Structures are given as structure tokens and as C-alpha cells.
Amino acid sequence: MIESSDLRMTKIPLSHGAGHMPALGFGTLIPDPALTIAATRDALDAGFRHFDCAERYRNEREVGTALQAGLAGVGIAREDIFVTTKVLNNNHRPERVEPAFKASLERLGLKYLDLYLIHTPFAFQPGDEQDPRDQNGNVLYDRDVTLLDTWKAMESLVDHGKCGAIGLSDITLDTLKPLYESARIKPAVVQVESHPYLPETELLEFCKEKGIVLLAFAPLGHGMTPGLMADPVVSAIAARVGKTPAQVLLAWAVQRGTALLTTPTTAARAKENFDITRLPEDAFAEINGIKIRQRLNPVVSTGIPGFIPAKGQSA
Ligand SMILES: NC(=O)c1ccc[n+]([C@@H]2O[C@H](COP(=O)([O-])OP(=O)(O)OC[C@H]3O[C@@H](n4cnc5c(N)ncnc54)[C@H](OP(=O)(O)O)[C@@H]3O)[C@@H](O)[C@H]2O)c1
């Protein structure tokens, strides 16, 4: 990790010389198209330079619109921002990966991506249906493609200079290890749910040992109540250090060496969530000592991402 006295500027090097990922990332899982544009623009204005997208979120076009307008407005270059998107489960067949990648690039209005992720390690029936089901509502998995097959197609994208780095999301250590061993180009990033109630310590240790960035989503526990932001340890530290619970949780995530994704949807919250400062060591240790354990997303066992915008709600 590139240490900075200013936690907001922390950058984490990616393997294979693929540049650096700003530790503070803005997630674009926002169902409403107009709000996607406004929130992405607010995040850019607040200082966020790392943007996490997905074909699944059905709003890459809106994110692209906000980024183009924002870059011109703020006067910063494409090279100064870090953009990720993800291939969904219905596009795991190797021949579907590059077309899915190109379609995302077109929607985002970008010439290259900094990072492309496999959204979940589960392949669904290939086709245009993102959420294929049988008549009983059961997911239709694709048993004829392995994760390594999909990974090799991801490696080709790096070979051809189309994206800087590749990685996986919603993966467990048990699934990551064999893929890591077999991969020609090792995963640079894993994006998983992680917060003080799900610290994923074993996975984080493996990642640090192998030079993989652990990119934490739900660092605020998805803002759910009751939940992390009302945790008594977090609230007491926030009062003590003069920060909000959200700022304390985000600082903790960066200080332990992860990158993170947060999704503030107002300009005020974008400023708040970017304005983090280093926690005193005793406060950091107190959060490490929290014993509650809670996983909010069952996606690691099913491959079904928790969020699907209602039909017609989003692009
Ligand atoms: N790989 C995956 O399967 C996966 C799954 C989920 C998410 N993600 C990624 O991770 C990103 C982050 O999503 P997340 O839900 O994990 O983000 P989060 O920041 O942990 O939670 C967002 C929620 O917290 C609230 N919030 C944000 N800032 C706040 C603050 N300062 N004070 C109080 N409440 C605040 C938001 O409320 P308001 O909307 O009212 O501001 C929203 O309800 C997503 O956008 C997506 O890019 C990936």
C-alpha cells in the first residue's frame, strides 16, 4: 500500500505493474438512472477517483455520461480515474466474455478499463437473460463452463491491452486458491463483502501474501439499521475522534490495507465519506476486537447478486 499521511489519497499497487487503485472507491449500484448521474458526479466532485460498475447494475450508460461530463468539468484526465466493471454470470462462456466487455466499454463511453471482474464465480445459462430461471424459479446454472475457462478469456483481454487488470468478485478463499494456482495471469483484485462484522481475515492474509488487493463492499453494512453504523464501539469511537460512524468505518477499512466501495447518494454524504482521517491505534484495535459476525449477502453460495432493478426502472 502506498502510505499517505492523508488517508484519502491512499493508493494500492496492482500486480503485474497494472498501476494503482485508489483505496477509496465509489460504487454505482444505484437503481435510479437520474440519481446515478447526480451521485456519480457528486462523488467525482468530492474527490473520488475510483468507480465500480457492473453490467448487472444496468446503468453503465448513466455512469459514463456522468464521468464524461465530470472529467470535462473538473478538468481531469481519463488516466486520473480508475474504472472497473464486471462480467455477469450469463456471459461466462469464453466466447461471450469479449463481447460483454466491449458492450460495457461502449455503454461507459470509454476506450479501456482499469479493471474487469468476474461478478460471481457461478456460471448461469448463457444468453441475454441476466437472471435465467426454470418454471419453479430455480436458477439455471451452466455446468458446461468452468471458472478457469472464463478466466482464460479474461486473460486474453489483458494480453490484448484492453484492460489493465482482472479479478474476481463474491469469491471464497476455497474457490480463489485453485484458480490462483492455475491462472497464467494472477487475479489482481478480489471484491467481497467485508466490514467489522465480516472481516474476512483469512482471505485478507492470503491476498496480502499474494499481492492481491481485497476490495471491500458493504463497508457501512449497506447502511442497514440496526447495523454497523449504530454499533456501540463504532459510535463511541466516532464521538471520541470527532468523526461520523461512516467515516470511522471507512477509515478502518483503508487502515487495514483494503480498498473499499461506498455508495453515498447525496453531495453531502459524498463529501463526508471522502473526508476520512487515520484512526488512533487504540480505536483501530477496538474495532478489530468486535466479536459480532454477520454476512449480509448470500451471493457467495448462490451466485445471485442481491440487487436487481425493477424492469423498466433503469437503463
Ligand atoms: N460484488 C458484489 O456482489 C457487490 C454487492 C453489493 C455492492 N457492490 C458494490 O459495492 C458498492 C457499495 O455498496 P454498499 O451498499 O456496499 O455501500 P455502503 O456505502 O456500505 O452502503 C450504502 C448505504 O449506506 C448509506 N450511506 C452511505 N453513506 C452514508 C453516510 N455517510 N451516513 C449514513 N448512511 C450512509 C446509503 O444511504 P443513501 O442511499 O441514503 O445515501 C446506502 O443506503 C456498490 O455500489 C457496488 O458497486 C458489489
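Looking only at the stretch 285-303, which residues are under 23 Å from the mean Cα position of the chain (by Cα) and surrounded by fewer than 17 Cβ atoms within 10 Å (Cβ to Cβ)? Give the derivation first.
Initial filter on the stretch 285-303 (under 23 Å from the mean Cα position of the chain (by Cα)): 287-288, 293-303.
Listed by number, the residues that qualify are N288, R293, Q294, R295, P298, S301, T302.
Restricting to the stretch 18-46, count the residues that are open to solvent by 20 Å² or more (accessible area, probe 1.4 Å), more than 21 Å from G211 (Cα to Cα) and not aliphatic (A, V, I, L, M).
Residues that pass the stated criteria total 6.
Identify the residue in the stretch 217-248 that is near the ligand (Cβ under 8 Å from one of its atoms) and assigned to a helix (DSSP H, G or I) and, among all such residues, is most open to solvent (accessible area, probe 1.4 Å).
Taking the candidates together, the pick is H222.
Consider only pairs whose beta carbons are under 6 Å apart and that are at least six residues apart or on different chains; among these, list those whose first residue lies in the stretch 25-36 and is closer than 10 Å to P264 by Cα and whose second residue is more than 9 Å from the ligand (Cβ to nearest atom).
Taking only residues 6 or more apart or on different chains, the pairs are F26/A43; F26/F48; T28/V63; I30/T36.
Can you tell me which residue within the stretch 249-284, out of those that are within 8 Å of the ligand (Cβ to nearest atom) and among the hydroxyl-bearing types (S, T, Y), is least open to solvent (accessible area, probe 1.4 Å)?
T262
Please specify each residue of the stretch 144-202 satisfying the condition of being among the basic types (K, R) and closer than 29 Å to R293 by Cα.
Across the stretch 144-202, the qualifying residue is only K177.
Failed condition for R61, given (1) over 24 Å from G127 (Cβ atoms); (2) surrounded by fewer than 20 Cβ atoms within 10 Å (Cβ to Cβ); (3) touching a Leu at 6+ places or on another chain (Cβ under 8 Å), with all others met?
It fails just one condition, (1).
Kindly indicate which of E95, E129 is loosely packed, with under 14 Cβ neighbours inside 10 Å and closer than 19 Å to V158 by Cβ.
Working: E129 fails: closer than 19 Å to V158 by Cβ.
After ruling out the rest, the residue left standing is E95.
Looking at the stretch 142-157 only, could you name the residues that are touching a residue at least 60 places away in the same chain (Cβ under 8 Å) and open to solvent by 10 Å² or more (accessible area, probe 1.4 Å)? Outline the logic, then answer.
Taking the stretch 142-157 and keeping what is touching a residue at least 60 places away in the same chain (Cβ under 8 Å), we get 150, 154, 157.
Of everything in the stretch 142-157, nothing turns out to be touching a residue at least 60 places away in the same chain (Cβ under 8 Å) and open to solvent by 10 Å² or more (accessible area, probe 1.4 Å).
How many residues does the stretch 98-126 hold that are part of a loop (DSSP other than H, G, I, E, B), over 22 Å from G27 (Cα atoms) and open to solvent by less than 30 Å² (accessible area, probe 1.4 Å)?
Of the residues in that region, 1 qualify.
Looking only at the stretch 159-170, count how many residues are in contact (Cβ under 8 Å) with a residue 60 or more places away in the chain and not charged (D, E, K, R).
The total comes to 4.
What do you reckon, is L173 free of Cβ contacts under 8 Å to residues at least 60 places away in the same chain, under 21 Å from G25 (Cβ atoms) and either open to solvent by 10 Å² or more (accessible area, probe 1.4 Å) or of a type in the set (S, T, N, Q) (or both)?
no
What are the residue pairs meeting all of these: first residue in the stretch 266-295, first residue at positive phi and touching a residue at least 24 places away in the same chain (Cβ under 8 Å), second residue among the charged types (D, E, K, R) and open to solvent by 80 Å² or more (accessible area, probe 1.4 Å), Cβ atoms under 6 Å, and 6 or more apart or on different chains?
If the second residue must be among the charged types (D, E, K, R) and open to solvent by 80 Å² or more (accessible area, probe 1.4 Å), no pairs are left.
What are the residues in the stretch 203-215 that are within 19 Å of A285 (Cβ to Cβ) and either within 13 Å of the ligand (Cβ to nearest atom) or open to solvent by 20 Å² or more (accessible area, probe 1.4 Å) (or both), if any?
Those that are within 19 Å of A285 (Cβ to Cβ) and either within 13 Å of the ligand (Cβ to nearest atom) or open to solvent by 20 Å² or more (accessible area, probe 1.4 Å) (or both): E205, K208.
The values are calculated or read from the model by the stated rules, or taken from the named source; none is laboratory data. Small disclaimer: the values here were computed from a predicted structure and weren't measured. Note: ideal-geometry Cβ built from the backbone for every residue, glycine included; neighbour counts use all protein chains shown. Each accessible area value is taken on the protein alone, full model and side chains, heavy atoms only, with ligands, DNA and RNA left out. Shrake-Rupley method; radii C 1.70, N 1.55, O 1.52, S 1.80 Å.
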